Amino acid sequence: MVYKTLLAVFVLSGLTACSAFTSPTTQRGRDASLPQLNVEGISYEQRLSKYANQFVVSDEQEFAIVRGYPYAEFTGSGIFATDPLRVMKVDDQWVKNIPISLNVNQTLNAYRMSIRPIKIPTGNHQLLVSGAGWENKALYTQLPTVNYQSGKSYVFKPSFAKGEVSTLTVYEYEADSRFEPADKEGIILKSTVSSPVEIGNYDNQKVADIFEK
């Protein structure tokens, strides 16, 4: 009886570990299974640039930039690691992420993508974003449709309140160049451009159904 119980525990643990690496319902699975950029032979800084520019097809195209708010400091990996906010999908087009490498692990890779503003064409767009979850559960949030205007910068910022629903709101912002991209002080919030929506309002299983292998 004890043997069967231990066997069941080991099998369940194995399935959980496998799910963590393959299913977008978890942080690690999300970053491994969603679309990846082709970054062969280029430096990590060049990879970040390719990531940021993937939706802009020409130098003449007008665009806005958007990013997640750095709501928490980088804490490394582990069960209590924070999950930074970043764009996953623009309308019907998935963002291609930088593949995990030996030199830059999943947690650091996600963090660096989150603080690199991504360019999107001007106009009305609905974004699907991820972040503010925990290691074994990736949270996805569908933001309201916003008219992203040429030359402007936008940030989706969380609001956490004990005993209340946590939300995300999109703001226009101005970057203060005296600060690093990861510093909250470098993001000067201006006008609100969306109503707040509940964090995790998009079922992560919907993402898994598309990409789970």
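With a bin width of 10 angstrom, please list the P(r) values of the range 26-176 as percents of all Cα-Cα pairs, from the 0 bin to the one holding the largest distance.
11, 42, 36, 10, 1
Just flag the trypsin sites (Lys or Arg not before Pro) in the range 154-205 sitting in loop per DSSP whose Cβ has no more than 11 other Cβ atoms within 10 Å.
For trypsin sites (Lys or Arg not before Pro) across the range 154-205 that sit outside H, G, I, E and B with at most 11 neighbouring Cβ atoms in 10 Å, the list reads Lys162, Arg178.
Which percent of the accessible area of the chain is formed by carbon and sulfur heavy atoms (probe 1.4 angstrom)?
53 percent
Quote the FRET efficiency, to the nearest 0.05, computed for Asn105 versus Ala52 with a Förster distance R0 of 30 Å and r equal to the Cβ-Cβ distance.
After rounding to 0.05, the efficiency reads 0.90.
Quick check for you: which residues of the range 120-147 have the amide N under 18 Å from the point 7 Å beyond the Cα of Asn201 toward its beta carbon?
Once the point is set 7 Å along Cα→Cβ of Asn201, 124-133, 139-147 turn out to lie under 18 Å by backbone N, inside the range 120-147.
Using a 1.4 angstrom probe with every protein chain in place, what is the largest-first accessible-area order of Leu189, Leu143?
I get Leu189, Leu143, largest accessible area first.
Could you give the C-alpha radius of gyration of the range 34-73 expressed as a fraction of 2.2 N^0.38 Å, taking N as the number of residues it contains?
This ratio for the range 34-73 stands at 1.43.
Sum -39500 (n - 2.57) across every DSSP H segment of at least 4 residues in the chain, then divide by the residue count to get the 222 nm mean residue ellipticity, nearest 500.
Taken over the chain, the calculation gives -7500 deg cm²/dmol.
May I ask for the Kirkwood hydrodynamic radius of the range 121-213, worked out over all distinct Cα pairs and given in angstroms to one decimal?
Radius from the Kirkwood sum: 14.8 Å.
Which value in Å is the Kirkwood Rh of the range 25-113 over different Cα pairs?
That comes to 14.2 Å for the range 25-113.
Mind giving me the FRET efficiency for Asp92 and Thr192? R0 is 30 Å, r the Cβ-Cβ distance, nearest 0.05 is fine.
It comes to 0.70.
Relative contact order for the chain using alpha-carbon pairs under 8 Å, separation at least 6, rounded to a whole percent?
Reported as a whole number, the value is 23 percent.
The values are calculated or read from the model by the stated rules, or taken from the named source; none is laboratory data. It should be emphasised that the depicted structure is a prediction, and the values quoted were computed from it without experimental measurement. Neighbour counts are summed over all protein chains in view; Cβ atoms, including those assigned to glycine, are modelled from backbone coordinates with ideal geometry. With ligands, DNA and RNA removed, areas are computed over all heavy atoms of the protein, side chains included. Shrake-Rupley method; radii C 1.70, N 1.55, O 1.52, S 1.80 Å.
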